[in-house]
Amino acid sequence: MSRLSLEELEERAATGDGEAMYALAQRVMAGDGVDPDPVRARELIENSARAGNANAMFLQGIWAQTGEHGPEDPAAALAHYRAAGEAGHAKAWLNAGILHQVGQGTPVSAEAARDCYQKGAGLGSGHAAANYAAMLQAGSFGEPDYEAAAEWYSKAIDLGHAEARTGLNEVQQAMGVPELMRDGPRSKSPVFWKRLLGLR
């Protein structure tokens, strides 16, 4: 879509193409080939979201959470994030999980946060996987579950979230995994070091 001319985007947006409306809104907001028009850009985003565009729904969530176009409204942000997540936006599930975890716009719910993080991870968000691992590590569902946390930190690393390595190291240390075995790619697998220790 970004390769299309403004005229082509305008034509497609006029037909109700949600992706075209979103791409056109980005151009209008940035003043890329056209005078910046925040009001029109917002209308395009709203129409794009109504047409089912996940990126537009996610942006609406950001706006509602930050108050960029009005008062902050965490409950509305959560609704937008969940809609975007259902439309396939991984980071939307991450943000929804955070709101459930900290209780913004909704009561605190570790279970709802877990569900959002798992959905986000399923769509490729390593950050969502790491957040769920941290909850398991912290005992958000009862006693700390270091084995499950290690597995989810490993998933986060596999999904490209390098910061999860710190959490994985912490839970492996808590489980008594020797430091030597916490180095290198094979150490990401709990099965590998458990077998080596004779624990499985």
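The values are calculated or read from the model by the stated rules, or taken from the named source; none is laboratory data. What you are looking at is a predicted structure, and each value in this text was computed from that prediction instead of being measured. Note that we place each Cβ from the backbone using ideal geometry, even for glycine, and neighbour counts take in every protein chain shown.
Key figures
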quantity	calculated
Subset tally (residues that are buried (at least 24 other Cβ atoms within 10 Å of the Cβ) and either touching a His at 6+ places or on another chain (Cβ under 9 Å) or in the same structural domain as residue 45 (by TED's automatic domain parsing) (or both)) for segment 79-94	3
Selection count where residues are in contact (Cβ under 8 Å) with a residue 24 or more places away in the chain and over 16 Å from residue 49 (Cβ atoms), scope segment 6-37	3
Total residues in segment 82-107, condition more than 14 Å from residue 46 (Cα to Cα) and outside any loop (DSSP other than H, G, I, E, B)	16
Output for segment 61-92, where each listed residue is of a type in the set (Ser, Thr, Tyr) and touching a helix residue (DSSP H, G or I) at 6+ places or on another chain (Cβ under 7 Å)	81
Residue match in segment 168-190 (condition: at pLDDT 90 or above, under 21 Å from residue 97 (Cα atoms) and crowded, with 17+ Cβ neighbours inside 10 Å)	yes
Residues of segment 110-119 classified as under 18 Å from residue 61 (Cβ atoms) and either small (Gly, Ala, Ser) or in a loop (DSSP other than H, G, I, E, B) (or both), total	2
